[in-house]
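Each remark here refers to the structure printed beneath this line.
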Amino acid sequence: MNYRHAFHAGNHADVLKHIAVLALCDALTAKPAAAFALDTHAGRGLYALDSNSAQRTGEAEGGIGRLVAEAPKHPAIARYLAAVRACRHEHGPTAYPGSPWLLTHALREQDRIAACELHPEEAGQLRHVFERDPRVAVHERDGYAAMKALLPPRIGATRYNRGLVLIDPPFEAQLEEFDTALAALRDALTRWPQGIYALWYPIKLRRSLQPFYRRAATLPAKSSFVAELLVRADDSPLRMNGSGLLILNPPWQLDQTLAGVLPLLAKVLGEGAHAESRLEWLVRAA
């Protein structure tokens, strides 16, 4: 496994994903019952945008850098930018929070987080970031295997009926990763049917994703939709032209929140006339 997210931290895909993660956390914390979050591909949890890796690609400049400069008016965007500022207040002006950091920022004292990372070096950094946070358990293991082992979530005598599973794989296996992710989701839904699931995926050629959309619609979730952001035309299989999120069992009004955010992100982060966004339901609750 060669992927390092440090090269891509803070890019347009992270912006979309992390706005959604915070909105999902806010939906969970709107009710008093404790919640559980599983981050299956957590990375190192915290990134420095002035590192050699980030500077080599410069992707953050077209993502969080551009969004900070423009700061379009929307509560979900303001929420995200406030979280980034909080991270930088704690860790320095070039820090960027990974998804496990955002989970710890948005969730409460009574909530619990499991963060999985397979790469030993990344897992070591992840463990260091959260070594003083008793809410977080870091697992150096395959995230898909963790879904089998940790769902339904139970820690000691506490069972968690509410929560989020975030699946953010590196997609080194290209289209084969969709097969693995969908199989893991199908199994997880039998184990924890009430959980919220969010699968991030890259978009290179959207037409190649049609089988994924069809199969995602057959998953045993009560409802599901995809939210996508393209920053350029999806006309090349050699680069990531956009990304999307498959949300299963979405909380109430999440679709409305993202439907308002997506066009703003396309306008600010887009690189030309072909930038676009869409939100499409695959299954609506009866």
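The values are calculated or read from the model by the stated rules, or taken from the named source; none is laboratory data. Computed from a prediction, not measured in an experiment: that's the story for all the values here. Quick reminder, even Gly has a Cβ in these numbers, built from the backbone with ideal geometry, and neighbours come from all protein chains shown. When the accessible area is computed, the model is the full protein with side chains, heavy atoms only, and any ligands, DNA or RNA have been set aside. Shrake-Rupley method; radii C 1.70, N 1.55, O 1.52, S 1.80 Å.
Assess whether Arg162 counts as being open to solvent by 20 Å² or more (accessible area, probe 1.4 Å), of a type in the set (Lys, Arg) and farther than 25 Å from Leu107 by Cβ. The answer is no for Arg162. Filter segment 271-286 down to residues that are touching a helix residue (DSSP H, G or I) at 6+ places or on another chain (Cβ under 9 Å) and outside any strand (DSSP E or B) and give me whichever is most open to solvent (accessible area, probe 1.4 Å). Restricting to residues being touching a helix residue (DSSP H, G or I) at 6+ places or on another chain (Cβ under 9 Å) and outside any strand (DSSP E or B), the top hit is Glu271.
Against the criterion of being under 29 Å from Ala30 (Cα atoms) and either open to solvent by 40 Å² or more (accessible area, probe 1.4 Å) or aromatic (Phe, Trp, Tyr) (or both), Ala149 qualifies. Listed by position, the helices (runs of 4 or more DSSP H) enclosed by segment 110-221 that each have at least 2 residues that are closer than 30 Å to Ser53 by Cα are 120-129, 143-150, 176-191. Within segment 268-280, residues that are of a type in the set (S, T, N, Q) sit with their Cβ atoms under 8 Å from residues that are buried (at least 17 other Cβ atoms within 10 Å of the Cβ), at 6+ positions apart or across chains, in these pairs: Ser277/Ala227; Ser277/Glu228; Ser277/Leu229; Ser277/Leu230; Ser277/Leu262; Ser277/Pro263; Ser277/Leu265; Ser277/Ala266. Note on segment 1-79: enclosed helices (runs of 4 or more DSSP H) holding 3 or more residues that are aliphatic (A, V, I, L, M) and open to solvent by less than 10 Å² (accessible area, probe 1.4 Å) are 12-29. You will find that of Pro134, Pro193, Pro100, Pro170, the residue that is open to solvent by less than 20 Å² (accessible area, probe 1.4 Å) and either over 21 Å from Cys25 (Cβ atoms) or of a type outside the set (S, T, N, Q) (or both) is Pro100 and no other.
The number of residues in segment 263-286 that are under 30 Å from Asp187 (Cα atoms) and either hydrophobic (A, V, I, L, M, F, W, C) or in contact with a Ser or Thr (Cβ under 9 Å, 6 or more places away or on another chain) (or both) comes to 7. Within segment 209-257, the only residue that satisfies the criterion of being open to solvent by 30 Å² or more (accessible area, probe 1.4 Å), among the acidic types (Asp, Glu) and at pLDDT 95 or above is Asp255.
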